[in-house]
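A.B. asks: One structure, as structure tokens, below. Some questions next.
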There are 2 protein chains.
Amino acid sequence: MTKTATKPVPRKPDYEKALRKAGIRITRPRKIILNILGETEDHPDALEIFRRAEQIDKSISLSTVYRTMKLLEEMGAIHRHAFEGGPSRFEQAGGDHHDHLIDMDTGDVIEFRSDRIEQLQQEIARQLGYDIVHHRLELYGRRRKD
Amino acid sequence: MTKTATKPVPRKPDYEKALRKAGIRITRPRKIILNILGETEDHPDALEIFRRAEQIDKSISLSTVYRTMKLLEEMGAIHRHAFEGGPSRFEQAGGDHHDHLIDMDTGDVIEFRSDRIEQLQQEIARQLGYDIVHHRLELYGRRRKD
DNA sequence: TAATCTTTTGCAACTGAGTGTCATCTGGCA
DNA sequence: TGCCAGATGACACTCAGTTGCAAAAGATTA
């Protein structure tokens, strides 16, 4: 790994505390979903989170998963990624900012980070007379076989 | 405009000829849609293309617009952009590759190009053991007021 | 130009992801 | 433990896009 791209280290902040402080009730479904997100290394979609949650509590509903994802997104606790040709996929926030490389054969998501690219984006936006609110950089590729 | 970002010049290739050669029938709806795409400077969605097409031929249907967009995309004649929180938007292919800055207040799309960023993306993918098939770089921002 | 044979169309029914409604339930505090 | 605003599960609904199908219209040939 050189200067151009470094893999960010995942962190697992305690969102339960933060939500409680914001006056949001920590219910059974929310606890389960938060645990799933804190545990996982991948980028599951709502249906996948629902399926994992069902294994813990059979009575959980898909609507609640969608509602919870929306809530957590608004609170800044998770990030939503709309990769092409599929439903939104989620990851816990709290780690360093990074972009994504999507393996087109497996759907795997590899995180990377390039300060140089971030900096160039800022320059470009400034030249065009804009302030960047956020950006999306996704590389779609296939494992090089050699 | 400096080295870091240059605005690409739009071109208007003759896709009608290319489609005919690929054994695809040039029908009235397709002719109309192709003209709309060749004419426009913006990035309309399917519904907007449908509305513009209706003004020329009242009998055109939205399904045909969707079908035609899909066909043209598969032929490489147009590019589909799924900007966040909205339907797919289209632009004629054939110009130089570029990325997009989306004005969050107006929905306007500004095209830009940075060879430096393209190059860095290649480096990153190579380091991670991947070949890039394509990528998506979108900057979401607001006009700087000063 | 007409006959033929596909391809394409318009329409309407359908799909998938996500949202809204509402009666019921429950977390958290008194 | 009782209360009650906020949260839940069930399900109807929306929105963007796709699909099935009978009718229409390109292209090719006669």
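A.B. asks: For the stretch B:5-26, state whether one or more residues are modelled with pLDDT of 85 or more, in the same structural domain as B:Pro87 (by TED's automatic domain parsing), outside any loop (DSSP other than H, G, I, E, B) and of a type in the set (Gly, Ala, Ser).
C.D. replies: no
A.B. asks: If I go through the stretch B:71-87 residue by residue, how many of them are over 26 Å from B:Tyr140 (Cβ atoms) and open to solvent by 10 Å² or more (accessible area, probe 1.4 Å)?
C.D. replies: 4
A.B. asks: Can B:Leu139 be described as open to solvent by less than 20 Å² (accessible area, probe 1.4 Å) and either of a type in the set (A, V, I, L, M) or over 19 Å from the mean Cα position of the chain (by Cα) (or both)?
C.D. replies: Taking the combined requirement at face value, the residue satisfies it.
A.B. asks: Right, next: Tell me which residues, restricted to the stretch B:105-121, are over 30 Å from B:Leu47 (Cα atoms) and free of Cβ contacts under 8 Å to residues at least 60 places away in the same chain.
C.D. replies: B:Asp115, B:Ile117, B:Glu118, B:Gln119, B:Leu120, B:Gln121 - these are the residues of the stretch B:105-121 that are over 30 Å from B:Leu47 (Cα atoms) and free of Cβ contacts under 8 Å to residues at least 60 places away in the same chain.
A.B. asks: Moving on. For A:Gln119, state whether it is more than 28 Å from B:Pro87 (Cβ to Cβ), open to solvent by 70 Å² or more (accessible area, probe 1.4 Å) and more than 9 Å from every other protein chain (Cβ to nearest Cβ).
C.D. replies: yes
A.B. asks: Which one of B:Ile124, B:Ile60, B:Ile102, B:Ile132 is touching a Phe, Trp or Tyr at 6+ places or on another chain (Cβ under 6 Å) and either away from chain A (no Cβ under 11 Å) or without any contact (Cβ under 8 Å) to a residue 24 or more places away in the chain (or both)?
C.D. replies: The unique qualifying residue is B:Ile124.
A.B. asks: Quick check on the stretch A:88-100. Is at least one of its residues open to solvent by 70 Å² or more (accessible area, probe 1.4 Å), within 14 Å of DNA strand C (Cβ to nearest atom) and out of contact with any helix residue (DSSP H, G or I) (no Cβ under 8 Å at 6 or more places or on another chain)?
C.D. replies: No: the stretch A:88-100 contains no residue that is open to solvent by 70 Å² or more (accessible area, probe 1.4 Å), within 14 Å of DNA strand C (Cβ to nearest atom) and out of contact with any helix residue (DSSP H, G or I) (no Cβ under 8 Å at 6 or more places or on another chain).
A.B. asks: Right, another one. On the basis of being under 24 Å from B:His81 (Cα atoms) and within 11 Å of DNA strand C (Cβ to nearest atom), does A:Phe112 make the cut?
C.D. replies: No, not satisfied.
This table checks each residue for (1) modelled with pLDDT of 95 or more; (2) within 13 Å of DNA strand C (Cβ to nearest atom); (3) in a helix (DSSP H, G or I).
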| residue | (1), (2), (3) |
| --- | --- |
| B:Ile33 | yes, yes, yes |
| B:Gly38 | no, no, yes |
| B:Ile49 | yes, yes, yes |
| B:Ala53 | yes, yes, yes |
| B:Ile56 | yes, yes, no |
| B:Ile60 | yes, yes, no |
| B:Arg67 | yes, yes, yes |
| B:Leu71 | yes, yes, yes |
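A.B. asks: Out of all the residues in the stretch A:84-97, which are modelled with pLDDT under 95 and part of a loop (DSSP other than H, G, I, E, B)?
C.D. replies: Those that are modelled with pLDDT under 95 and part of a loop (DSSP other than H, G, I, E, B): A:Glu84, A:Gly85, A:Gly86, A:Ala93, A:Gly94, A:Gly95, A:Asp96, A:His97.
A.B. asks: Now, a different point. It is to be established whether one or more residues within the stretch B:51-62 are surrounded by 19 or more Cβ atoms within 10 Å (Cβ to Cβ), touching an Asp or Glu at 6+ places or on another chain (Cβ under 8 Å) and over 20 Å from B:Gly94 (Cα atoms).
C.D. replies: Yes: one or more hits.
A.B. asks: Which of the residues belonging to the stretch A:105-116 are hydrophobic (A, V, I, L, M, F, W, C) and facing chain B (nearest Cβ under 7 Å)?
C.D. replies: Within the stretch A:105-116, A:Ile110, A:Phe112 meet the criteria.
The values are calculated or read from the model by the stated rules, or taken from the named source; none is laboratory data. All figures in this text were calculated on a predicted structure; none of them were measured in a lab. When we count neighbours, we look across all protein chains shown, and the Cβ atoms used for this are built from the backbone with ideal geometry, even at glycine. Heads up: the accessible areas ignore ligands, DNA and RNA and are worked out on the full protein's heavy atoms, side chains in. Shrake-Rupley method; radii C 1.70, N 1.55, O 1.52, S 1.80 Å.
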